[in-house]
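Below is one structure, written out as structure tokens; comments come after it.
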Amino acid sequence: MLMDRLSILQKIGIYAALFVFLLFVLLPFIEMFRVSLRPLDHLMTADFTWWSDDFSFQAYRDMWVTVPMLGRYILNSIFIATTVTTMTMICVVPAAYAYARLEFPFKSMSLGAFLAVNMFTGAVLLIPLYRVLRSMGLLNTYWAMIIPGVAFLIPTGIWLLRSYLEKIPKELEEAAFVDGASRLYTLRRVVLPLAVPGLIVVATAVFIGAYAQQFLFAIAFNNRTELQPLPAGLYEFIGYQDVTWNEMMAAALTGVLPVMLFFLFLQKYLVAGLTAGAIKE
Amino acid sequence: MTDFAATPALAAPRRTMVRSEGLFAWMLIAPALIFIGFIVAWPLAETIRLSFTDARLGGENYIGTANYAKLFSDPKFYDTVGRTFYWMFLSVSLKLIMGLIGATLLNAAVPGKALFRILVMPPWVIPIAIGVIGWKWLYNGYFGLISGLLQEFGLVQDRIALLATKTSAFYSAVVTDVWVGTPMVTLFFLAAMQGVSRDLYEAAWVDGAGRWYRFRRITIPQIMPVIVSMALLSAIWTFNSFEIIWILTEGGPRGATTTLIIDTYKVAISSQRFGEGAARAVVIVALLAIFSLAYLFFLNRVNRHYGVK
């Protein structure tokens, strides 16, 4: 469109700015990749060099030997994040519907209380949380990492999905009521199918939260190595003698690759969905 | 309509429906509520109780407000509070500015923007701990890229270990925190910008309004609700940001990056002084509650001043 037309100079300016912006965003990954390509003894003895002719992918082979359970850690991470997302959504969907559509006593007060949960992170409540999980016999199980994750993600989930559900026209539900459908039936057969794009966005956001914040609960509530998620598992590259940095970086990059590819496919829905739902005037 | 409602026989079932609607609503909320109750509310109550005890591994005794008295008479504590707020304001402002710049760039009609949008996402979608390991290496004085490049271009004579001196460690931690937070802010702002009606821009354009004017007078006011809620959420998360500082510096050197949350973790978990740690946790919650209420109060005032409902 004419309004959006940019002159050559403006385009160059935008690309230059984008380059700087993306360089900042991707810099640690570039550095991690560079480190992963170099042999360990060269890495630690030589000063910084920008380019070196000893680059190889050896670390990507050796890492599976140094930390034999690396594959398990990668899968643990995905398993924990997926379970957290499923359980969170089971709690979030009905609650968000209630806040979007129904009138009931203490509505705004309870919503405010939910949002206030954002003020507490796991690190603040670590000791009592430890005791709760111990009394339920959940320490050193997957549940010790899953359950706290779910609780801290529910409020954001409700907040995001509620504003999305509010945009679905009420008339559709009312039509179903007139036809004699029950509330639960309407929720299942009318509202949820219409909310699928919103559900994808919220589930994605919850998954990101669950995947990104696995470190603290893992080091605090779990000491069984075979259950550790990737961020905690990476610490095994820190040995008694030395840290195999090159393999650690290789493992970190390899470990996040499956999830990165997954987001590549979801990216389109994510930005579009955020526009439609999460943003409320 | 009014006629039917006035008929007692028809009005009565409607009232019961309202009551059952309330019950139905609470049934829908119950699963979420039970979760929060067990994992947040009860531990919170327990934290408050512990803050009045001298709890350690061995046992606990009620000691009244001694933990708080000790805390409030410690000059170091006030340094930590000040540092935490400075950390929060600096980091959140930078995240919002970066997010606004990033979203504007990604929203520009240039070829390849779909690719650029994907490239912004990695810091948001990977585990925080992993990104921070990358930064830790970047900041390293011997092998790190930053020190290396600065030497290469002759900007510094010697190696600079950014995490080793107090000032540079603090600002390095800020940069990493901004790095972790920027993509999410950017994508939310981008989504909001795409939600702004094209008609507004076209009307302004027809009237001869330039790009900067359109940005200032249409984009910014239209996405203001998102900026405002992002700012508050981001502020709370940044205040409580734990993993980034812990992995980079563990609060050092000499306490230069010790924010309240780091201090709390050190006292409660590292030195296992549960009671004193709990008192710090309660202070964090109280400060954040005051901050959030003040923020919302001022927001209300500003909105009313501009006649926004």
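The values are calculated or read from the model by the stated rules, or taken from the named source; none is laboratory data. This structure is a prediction, so every number in the text was calculated from the model and none was measured. So basically every Cβ, Gly included, is an ideal-geometry build from the backbone, and we count neighbours across all protein chains shown.
Within segment B:169-203, can you find the residues that are charged (D, E, K, R) and within 29 Å of B:Leu145 (Cβ to Cβ)? Across segment B:169-203, the qualifying residue is only B:Asp177. Restricting to segment A:229-267, give me the number of residues that are more than 23 Å from the chain's Cα centre (by Cα) and crowded, with 24+ Cβ neighbours inside 10 Å. The number of residues fulfilling the criteria is 2.
Being touching a His at 6+ places or on another chain (Cβ under 6 Å), over 30 Å from B:Gly275 (Cα atoms), without any contact (Cβ under 8 Å) to a residue 40 or more places away in the chain and more than 8 Å from every other protein chain (Cβ to nearest Cβ) is the requirement here; does A:Asp54 meet it? In short, yes.
Taken over segment A:83-105, the criterion of being under 11 Å from A:Glu166 (Cα atoms) and touching a residue at least 60 places away in the same chain (Cβ under 8 Å) is satisfied by A:Ala96, A:Tyr97, A:Tyr99, A:Ala100, A:Arg101. Check whether at least one residue in segment B:200-208 is surrounded by fewer than 18 Cβ atoms within 10 Å (Cβ to Cβ), more than 9 Å from chain A (Cβ to nearest Cβ) and not in a helix (DSSP H, G or I), and report yes or no. Within segment B:200-208 (the criterion being surrounded by fewer than 18 Cβ atoms within 10 Å (Cβ to Cβ), more than 9 Å from chain A (Cβ to nearest Cβ) and not in a helix (DSSP H, G or I)), the answer is yes, since at least one residue qualifies. Just to be sure, is B:Ala278 modelled with pLDDT of 85 or more and either in a loop (DSSP other than H, G, I, E, B) or more than 22 Å from A:Gly157 (Cα to Cα) (or both)? Considered against the rule, which asks whether it is modelled with pLDDT of 85 or more and either in a loop (DSSP other than H, G, I, E, B) or more than 22 Å from A:Gly157 (Cα to Cα) (or both), B:Ala278 comes out as yes.
B:Thr65 falls short on exactly one of the conditions (1) β-branched (Val, Ile, Thr); (2) free of Cβ contacts under 8 Å to residues at least 60 places away in the same chain; (3) surrounded by 13 or more Cβ atoms within 10 Å (Cβ to Cβ), and that condition is (3). Residue selection: A:Leu184 satisfies the criterion of being surrounded by fewer than 20 Cβ atoms within 10 Å (Cβ to Cβ) and out of contact with any Asp or Glu (no Cβ under 9 Å at 6 or more places or on another chain). Being surrounded by fewer than 19 Cβ atoms within 10 Å (Cβ to Cβ) and closer than 28 Å to A:Ile30 by Cβ holds for only one residue in B:Lys113, B:Lys76, B:Lys70, and it is B:Lys113. Within segment B:209-240, if we keep just the residues that are free of Cβ contacts under 8 Å to residues at least 40 places away in the same chain and not in a helix (DSSP H, G or I), the residue that is surrounded by the most Cβ atoms within 10 Å (Cβ to Cβ) turns out to be B:Ala209. Only helices (runs of 4 or more DSSP H) whose full extent lies in segment B:120-173 are considered here, and the ones with at least 2 residues that are more than 7 Å from chain A (Cβ to nearest Cβ) are B:128-139, B:145-152.
Scanning segment A:1-41 for residues that are touching a residue at least 12 places away in the same chain (Cβ under 8 Å) and touching a Ser or Thr at 6+ places or on another chain (Cβ under 8 Å), we see that the one that is surrounded by the fewest Cβ atoms within 10 Å (Cβ to Cβ) is A:Pro39.
Do we find that A:Tyr211 is surrounded by fewer than 16 Cβ atoms within 10 Å (Cβ to Cβ) and either within 11 Å of chain B (Cβ to nearest Cβ) or under 19 Å from A:Tyr97 (Cβ atoms) (or both) in this structure? Taking the combined requirement at face value, the residue does not satisfy it. Any chance segment A:68-89 includes a residue that's within 7 Å of chain B (Cβ to nearest Cβ), on the phi < 0 side of the Ramachandran plot and out of contact with any Pro (no Cβ under 6 Å at 6 or more places or on another chain)? No, segment A:68-89 contains no residue that is within 7 Å of chain B (Cβ to nearest Cβ), on the phi < 0 side of the Ramachandran plot and out of contact with any Pro (no Cβ under 6 Å at 6 or more places or on another chain).
Give me a count of the residues in segment A:206-228 that are under 22 Å from A:Leu264 (Cα atoms) and touching a helix residue (DSSP H, G or I) at 6+ places or on another chain (Cβ under 6 Å). Going through segment A:206-228 one residue at a time, the tally reaches 8. Restricting B:Arg117, B:Arg56, B:Arg49 to residues that are among the basic types (Lys, Arg) and assigned to a loop (DSSP other than H, G, I, E, B) narrows the list to B:Arg56.
Within segment A:212-254, the set of residues being of a type outside the set (Phe, Trp, Tyr) and under 13 Å from A:Phe33 (Cα atoms) comprises A:Asn246, A:Glu247, A:Met248, A:Met249, A:Ala250, A:Ala251, A:Ala252, A:Leu253, A:Thr254.
For segment A:133-230, the helices (runs of 4 or more DSSP H) that sit wholly inside it and include 2 or more residues that are within 30 Å of A:Pro68 (Cα to Cα) and touching a residue at least 60 places away in the same chain (Cβ under 8 Å) are A:142-166, A:196-212, A:215-221.
It is to be established whether one or more residues within segment B:126-133 are under 19 Å from the mean Cα position of the chain (by Cα), of a type in the set (A, V, I, L, M, F, W, C) and closer than 20 Å to B:Phe215 by Cβ. No, the conditions are met nowhere in segment B:126-133. Annotation note: of A:Leu133, A:Leu129, A:Leu139, the sole residue that is at pLDDT 85 or above, more than 11 Å from chain B (Cβ to nearest Cβ) and more than 20 Å from B:Leu28 (Cβ to Cβ) is A:Leu139. Restricting segment B:25-68 to residues that are facing chain A (nearest Cβ under 8 Å) and β-branched (Val, Ile, Thr) leaves a set whose member that is farthest from A:Tyr97 (Cα to Cα) is B:Thr47. For the criterion of being out of contact with any helix residue (DSSP H, G or I) (no Cβ under 6 Å at 6 or more places or on another chain) and crowded, with 16+ Cβ neighbours inside 10 Å, B:Asn140 passes.
Comparison of A:Ser135, A:Ser110 shows that the only residue that is surrounded by fewer than 22 Cβ atoms within 10 Å (Cβ to Cβ) and either in contact with a Phe, Trp or Tyr (Cβ under 9 Å, 6 or more places away or on another chain) or not hydroxyl-bearing (Ser, Thr, Tyr) (or both) is A:Ser110.
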